[in-house]
Amino acid sequence: MTNRLQGRHVLVTGAGGGIGLAIAEACLLEGARCTLVDRAPAPPDGVAVLQRVHPKQVVYLPADVTDAHSVAHLLEAAQAAGGPVHTLVNNAAVFDMAPLLDSDEASFDRLFAVNVKGLFFVMQRVLQHMVDHGAPGCSVINMASQAGRRGEALVSHYCATKAAVISYTQSAALAMAPHGIRVNAISPGVVDTPMWDQVDALFARHEGLQPGEKKRLVGLEVPLGRMGVPAEIADAAVFLASDEARYITAQTLNVDGGNVMS
């Protein structure tokens, strides 16, 4: 603990588990106040634990990032609970996959609604809030993916949504630079989270693999020889939120064990 985020208010979407929860925990250990957001009406188990450990630093708010009214209420409640927001970690996302010729409109709509529309309008509203309040050291961290760096035959919609995240990050960074607000993204590779168990099951169905086989193979294919863990993504998020990254904006940081070189 180095108090790199002391006195700052961090808003994390998709904070119920996995990477979002790990980022929240890392920010709390660095002294931040955290508003944690997910879809569940009550705090998920991991968030409840953080509330018990950090009762004065953690607020949980349920919200649907695809609904404009829900997002507006979320920001009002977050500000009332923790003051002006200094950092947004835009992490809420969903995953699906199918062969290209079998991919349907319902999957397309769901993925773009959460991963692109939800991300953009949460970012837009929080950025307006940051401009209005003029708090120092403000930044946005969007969660992209190595899937946004390339196409994948079975994952076309998800890849496209994450490519959009990278593009929106660049555009927002340029728009916010005159206000001194930084906008960056993190591009995780394969990370061992509960979501990857769902991904593994989908690959097993579409590629005829045994359960667990895809997860094992993708870990072996990483140049560093293993899947990442959520804490490694959280370390990158703390860095980008801190003053150590004060001259970094419009970037998408690969945290993927060497899977993507850029």
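The values are calculated or read from the model by the stated rules, or taken from the named source; none is laboratory data. Just so it is clear, the model here is predicted, and its values are computed rather than measured. A quick note on method: Cβ atoms are made from the backbone with ideal geometry, for glycine too, and the neighbour counts reach across all protein chains shown.
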Item to check | Only one of GLU207, GLU213, GLU221 that is farther than 24 Å from ALA160 by Cβ, outside the structural domain of ASN91 (by TED's automatic domain parsing) and of a type in the set (Asp, Glu) | outcome: GLU213
Checklist entry - Using beta carbons and a limit of 7 Å, which pairs, at least six apart or on different chains, have the first residue in region 172-196 and more than 30 Å from ASP96 (Cα to Cα) and the second one surrounded by 24 or more Cβ atoms within 10 Å (Cβ to Cβ)? => result MET176/VAL183; ILE181/CYS138; ILE181/SER139; ARG182/SER139
Checklist entry - Among (1) over 24 Å from LEU119 (Cα atoms); (2) in contact with a Ser or Thr (Cβ under 7 Å, 6 or more places away or on another chain), which single condition is LEU61 missing? => result (1)
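Among the residues in region 78-98, are any of a type in the set (S, T, N, Q), in contact with an Asp or Glu (Cβ under 7 Å, 6 or more places away or on another chain) and touching a residue at least 24 places away in the same chain (Cβ under 8 Å)?
Scanning region 78-98 turns up no residue that is of a type in the set (S, T, N, Q), in contact with an Asp or Glu (Cβ under 7 Å, 6 or more places away or on another chain) and touching a residue at least 24 places away in the same chain (Cβ under 8 Å).
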Checklist outcome for this item: In the set VAL53, VAL47, the lone residue that is modelled with pLDDT of 95 or more, β-branched (Val, Ile, Thr), out of contact with any Cys (no Cβ under 8 Å at 6 or more places or on another chain) and crowded, with 18+ Cβ neighbours inside 10 Å is VAL47
Checklist entry - Can you find even one residue in region 7-22 that is over 17 Å from the mean Cα position of the chain (by Cα) and buried (at least 24 other Cβ atoms within 10 Å of the Cβ)? => result yes
Checklist entry - So is VAL155 assigned by TED's automatic domain parsing to the domain that holds ALA245, in contact (Cβ under 8 Å) with a residue 40 or more places away in the chain, closer than 30 Å to GLY7 by Cβ and β-branched (Val, Ile, Thr) or not? => result no
Item to check | Meets criteria (touching a residue at least 12 places away in the same chain (Cβ under 8 Å) and not in a loop (DSSP other than H, G, I, E, B)) for ALA135 | outcome: no
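Report those helices (runs of 4 or more DSSP H) wholly inside region 6-86 carrying at least 2 residues which are closer than 26 Å to TRP196 by Cβ.
Per the criteria, 18-29, 45-53.
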Next on the checklist: Of all residues being without any contact (Cβ under 8 Å) to a residue 24 or more places away in the chain and not aliphatic (A, V, I, L, M) in region 100-121, which is surrounded by the most Cβ atoms within 10 Å (Cβ to Cβ)? Just the residue, please.
Outcome noted: ARG110
